[in-house]
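Peer 1: Just dropping this structure here.
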Amino acid sequence: MGKLDESRQTEEMVSAYIKKFHMISTGEKILIGLSGGADSVCLFRILLALREKLDFSLEAVHVNHCLRDTAARDEAFVRALCDSEHVLLHVYSVDVKAHADENGMSEEEAGRELRYRCFTQTMKKSGATKVAVAHHKNDQAETILFHICRGSGPNGLSGMHPVRDVVIRPILCLSRDQIENYLSDGGQEYVVDETNESTRYSRNRIRLEVMPVLEEICPGAGEHIAAAGENMEQLAGYLKQQIQKAMEECVEWTGQAGDVMKLSCQKIAGLHPYLQGEVVRECLFVQAGQKKDISRIHVESALGLTDMQVGRKLDLPYGIEAEKSYDMLLFRKKDLTEEKETEFCVEVSIREIKGEKELLLPDGKKMRLRRFAYERNAQIPTKAYTKWLDCDKIGEMVTIRSPQEEDFFYFNDKNKKYVKDYMVNEKIPKADRSRSIIVAERNHMLYFVGRRISNAVLVDETTKNILEITVAGG
């Protein structure tokens, strides 16, 4: 087979890969990240060859990291290459070292963050819809090995995805050898980044030290690892569906602002152990708003709360707090739970109620208080939100407020019970207790809204006047 035929075969392989993953649509404008190295130059040449066939336009982005003395040489090479092919080039200079120092990250991380920031800026300016980057099979194998070392699950072990949001990887199907052969056959030059030979970068150590040993042990190891990643990607897609289904069955949003995730311990116990961990992990991801720094130990610790006593809490990254609340696990942002709520407290003079008095409660419900003469044999309401109290057994003033530490009520004629113990026995989540409302005379709870009244104010044969309390709406 001649060099021309081999080059066309490589281009057809990439074309088929682009179509398989629907990377490029007719009429799209594609940005290519062009460093000047072999990988990006190969991608550039192949996209140029496929541009007319697949009907897309092409622009390039070069980001000068200002880390090497040869960076200016790379920029000049890329400019000349784009000029020769009449491709519009966008050039940026960024201070990777300063960004890394300011944000406490490695130069690798800083460089990637700044590159993608430049890509996003160029997309907005140019109207491009996709960014093509030049990762290949060998990069894929190295990424998967790196993720294995970090203890990643199926999603991480699938490596880099052919398509991720607006980022496409058209030559992920090619090996490094295929890339170099394609450039050699076409007589295409490229620049060499000398830092690629430095083992101070973790990825380089995997490529330079680990992969050669694996290739000795098992020839074709890189290809096999990349193929395993493709299989794992399919598995990860299936697991994602199962995790989403389990989330819908086990988790609901609650809390006054709808910001607390409530996970049923009973339902999650019925899941496969793997799904149990993934549901908890997804809860943490949602509350954190990102996935970085959420590790297996955090997931296992949170899941361990299901077997602990009520009230146990756990502090997690990004200010997340997990709490065991009866048969539930609650996940919330800690800064939300620690905010001091404005205490609700309204005093009402019972004797001054004429007709009906109406109050607006913090949750939007309306409380109506009405005083009237009791008629013998009248039907006493049994609804939780409508209660009749013996008005003559109450003093002059009552207070509508949140429960307090020393509040009590009578659960029979003589015996008292603390409201805090009652809330525990009734399994009212701790997060909801401070938002509960009671009607009290000093520390004597007369009515716990929506639940019960104190036996000390029950209507009996001696009752002459009724205080009716009704709560509705919200």
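Peer 1: Among 320-329, 296-305, 407-416, what's the highest-first ranking by average C-beta atoms within 10 angstrom per residue? Numbers along the way, then the final one.
Peer 2: Numbers: 320-329: 20.5, 296-305: 16.7, 407-416: 13.7.
Put in order of decreasing packing, that is 320-329, 296-305, 407-416.
Peer 1: Restricting to Cα atoms and excluding each atom paired with itself, what does the Kirkwood estimate give for segment 3-233 in Å?
Peer 2: 18.4
Peer 1: I'd like the distance between the alpha-carbon centres of segment 66-120 and segment 227-285, rounded to an integer number of Å.
Peer 2: Using only Cα atoms to place each centre, the spacing works out to 39 Å.
Peer 1: Here's a follow-up. LYS365: which aspartates and glutamates have alpha carbons under 17 Å from its alpha carbon, excluding same-chain residues fewer than 8 sequence positions away?
Peer 2: GLU343, GLU356, ASP432, GLU468
Peer 1: Is there a quick way to get the dipole size of segment 345-473? I mean about its Cα centre, with the Cβ of Lys and Arg at +1 and of Asp and Glu at -1; what is the value in debye to the nearest 20?
Peer 2: Taking the Cα centre of segment 345-473 as origin, the dipole is about 340 debye.
Peer 1: Any idea what log10 I(q)/I(0) is at q = 0.12, 0.14, 0.22 Å⁻¹ for segment 34-146, Debye with uniform C-alpha scatterers and no solvent?
Peer 2: Debye curve over Cα of segment 34-146, log10 I(q)/I(0) at q = 0.12, 0.14, 0.22 Å⁻¹: -0.47, -0.64, -1.39.
Peer 1: Loop only per DSSP, at most 15 neighbouring Cβ atoms within 10 Å: give me the GluC sites (Glu not before Pro) in segment 135-191, ordered by residue number. Mind showing how you got there, number by number?
Peer 2: Working: sites: GLU142, GLU180, GLU189; in loops: GLU189.
Passing sites in segment 135-191 are GLU189.
Peer 1: Bin all alpha-carbon pair distances of segment 273-381 at 5 Å intervals from 0 and give each bin's fraction as a whole percent.
Peer 2: Per 5 Å bin, starting at 0, the Cα pair percentages come out as 2, 9, 15, 13, 11, 7, 7, 7, 8, 7, 6, 4, 2, 0.
Peer 1: Turning to a different aspect of this structure: Which whole-number percent gives the relative contact order of segment 255-337, counting Cα pairs below 8 Å spaced six or more residues apart?
Peer 2: Relative contact order for segment 255-337 comes out at 33 percent.
Peer 1: Hey, got a sec? Which GluC sites (Glu not before Pro) in segment 349-429 land in a DSSP loop and have at most 15 other Cβ atoms within 10 Å?
Peer 2: Hits after loop and neighbour filter: GLU375, GLU396, GLU405, GLU406, GLU426.
Peer 1: What does the convex hull of the alpha-carbon atoms of segment 177-274 project to on average, in nm²?
Peer 2: Average projection, Cα convex hull of segment 177-274: 12.4 nm².
Peer 1: Still on this structure, I have one more. Remind me, relative contact order of the chain in percent, using alpha carbon pairs under 8 angstrom and six or more residues apart?
Peer 2: On the way: 733 pairs, mean separation 49.6, N = 474.
This gives 10 percent for the chain.
Peer 1: Taking the Cβ of each residue in PHE372, PHE448 as the centre, tally the other Cβ atoms inside 10 Å and list the residues starting with the fewest.
Peer 2: PHE372, PHE448
Peer 1: Continuing with the same structure: Starting from the Cα coordinates of segment 345-473, work out the convex hull volume and express it per residue in Å³.
Peer 2: Each residue corresponds to 109 Å³ of Cα convex hull volume.
Peer 1: Could you put HIS161, HIS136, HIS86, HIS22 in order, starting from the residue whose Cβ has the fewest other Cβ atoms within 10 Å?
Peer 2: Least crowded to most crowded, the residues run HIS86, HIS22, HIS161, HIS136.
Peer 1: Report relative contact order for segment 345-473 in percent, whole number only (criteria: Cα-Cα under 8 Å, sequence separation at least 6).
Peer 2: 37
Peer 1: With the Cα gyration tensor of segment 125-221 in hand, give its eigenvalues times 5 under a square root as the equivalent ellipsoid semi-axes, listed largest first in whole angstrom.
Peer 2: Computed over segment 125-221, the values are 23, 21, 14 Å.
Peer 1: Right, another one. Please rank VAL279, VAL192, fewest neighbouring Cβ atoms within 10 Å first, as an exposure proxy.
Peer 2: Ordered from fewest to most neighbouring Cβ atoms within 10 Å, VAL279, VAL192 come out as VAL192, VAL279.
Peer 1: I'm checking a number: the convex hull volume of the Cα atoms of the chain, normalised per residue, in Å³. What is it?
Peer 2: 208
Peer 1: Let me ask another. Using the Cα atoms of segment 207-353 to build a convex hull, what is its mean projected area in square nanometres?
Peer 2: Mean orientational projected area (segment 207-353, Cα hull): 14.0 nm².
Peer 1: For segment 255-337, what Kirkwood radius comes out of the mean inverse Cα-Cα distance, in Å?
Peer 2: 12.6
Peer 1: Determine the alpha carbon to alpha carbon distance for each of LYS366/LYS464; LYS240/LYS267; LYS291/LYS334; LYS29/LYS53; LYS313/LYS333; LYS313/LYS416 and list only those over 22 Å.
Peer 2: The pairs that break the limit, which is 22 Å between Cα atoms, are LYS366/LYS464; LYS313/LYS416.
Each value in this text was obtained by applying a stated rule to the coordinates, not by laboratory testing. For clarity, every value in this text was computed on a predicted model and none was experimentally measured. Reconstructed Cβ throughout: ideal geometry from the backbone, glycine too, with neighbour counts over all protein chains shown.
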